[in-house]
Amino acid sequence: NQNNLTSLSIQEVSKSVVGIHVIQNKINKKMAYNPWEKFWDNYPGERIIENMGSGLILDRNGYVVTNYHVIENASKIFIKLYNGTSYDVSLDDIYIDKLTDIAVIKINANANLNIPIMGDSNRLIVGEDVIALGNPLGLFNASNKLTATKGIISAKNADFGFNEDYGSVYQDMIQTDASINPGSSGGPLLNLNGEIIGLNTFIITASNSQTGSIGLNFAIPVNRVMEIYNDLKDNGSIDRQFNTGIKVREIDDIIMRYLRLSSTDGVIIIDIEDRSSGEKAGLQIGDIILKVNDKKVNTWQDIKIII
């Protein structure tokens, strides 16, 4: 019976999901109009708020993955397990990657922690059934029971690019109509076999005044989550330093006419370092780069973001 299997999957994965209670210091941008106010004792642009989120245990030593925006600017963090056990989190035991909106939290748990089964987000099919688990509006704290919502995968590879408000890049996102509400961020999206396929991250609402789900919900693919999680757990940060060895210039109307190009699309290579990766790839001065990883580029910043 599929319903019984689904219920068992939810019960099993629920043991790996945690509720996250965060005390945050947030800047009220509407009030922070005076650049000197932040040095005042009673700075009106800063306020202390409580926030709720969700997380997923991925290691028996107590490593939990969640969204970075759940714990951003946290001054205190508390994590609650399915059995009601709570843990204070040391701010030294938090490892973040703002760019992908992923954070790893270490808890000093002595209990036998339940570890879920990871799925493969590269093998998802639009239309397949999925379940979102989480702590919407802090309900987990009231009952020690997670909320489960069911839906389908509505789309794959949704690309929102760089979000300036959050400082994160959201690309290749999983879209689902399984309801995700405030407090569910950082919780798992799973298939009917109980395999984790994504990390619930954000919703799109009809307006700024409406905060509930309208069926446009998005999750980070689990394959990317695991890549970032493993780097953060092992190294404490993500090393994104790279050097292509090439220097490029944007193509303006003058260059377009001089080189008899059909448009100003792309960038032109003006220098290449000896023995660099760019030289080894066979690039030459004067080459025009139109796309990187099948995405159009018109500036060096475009290339940097894609890499």
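The values are calculated or read from the model by the stated rules, or taken from the named source; none is laboratory data. This one's a predicted model, so the numbers in the text were calculated from it and none came from an experiment. Here the Cβ positions follow ideal geometry from the backbone for every residue, glycine too, while neighbour counts run over all protein chains shown. Note: areas computed on protein heavy atoms with side chains; ligands, DNA, RNA excluded. Shrake-Rupley method; radii C 1.70, N 1.55, O 1.52, S 1.80 Å.
For the reader, a short list of remarks on this structure follows.
- Scaled against the 2.2 N^0.38 Å expected of a compact globular protein of N residues, the Cα radius of gyration of region 219-307 reads 1.38.
- Binning all Cα-Cα separations of region 47-108 at 10 Å, short to long from zero, yields these whole-percent fractions: 21, 60, 18, 1.
- Net lengthening on full extension, Asp294/Leu99 (0.36 nm per residue, minus Cα-Cα): 68.1 nm
- Ligands, DNA and RNA aside, Arg249 has an accessible area near 130 Å² when probed at 1.4 Å.
- Anisotropy class of region 242-294 from Cα gyration tensor, a/c 1.5 cut: prolate
- Here the mean projected area of the convex hull built on the C-alpha positions of region 218-260 is 6.4 nm².
- Kirkwood hydrodynamic radius computed over region 57-202 comes to 16.0 Å, based on all pairs of distinct alpha carbons.
- Shape annotation for region 151-307: C-alpha extents along the principal axes are 56, 39, 27 Å, from largest to smallest.
- In region 219-298, the GluC sites (Glu not before Pro) that fall in loop regions by DSSP, at most 14 other Cβ within 10 Å: Glu273
- Cross-link pairs beyond the 20 Å C-alpha cut-off, checked among Lys156/Lys304; Lys98/Lys156; Lys145/Lys233; Lys98/Lys233; Lys80/Lys156; Lys98/Lys280: Lys156/Lys304; Lys98/Lys156; Lys145/Lys233; Lys80/Lys156; Lys98/Lys280
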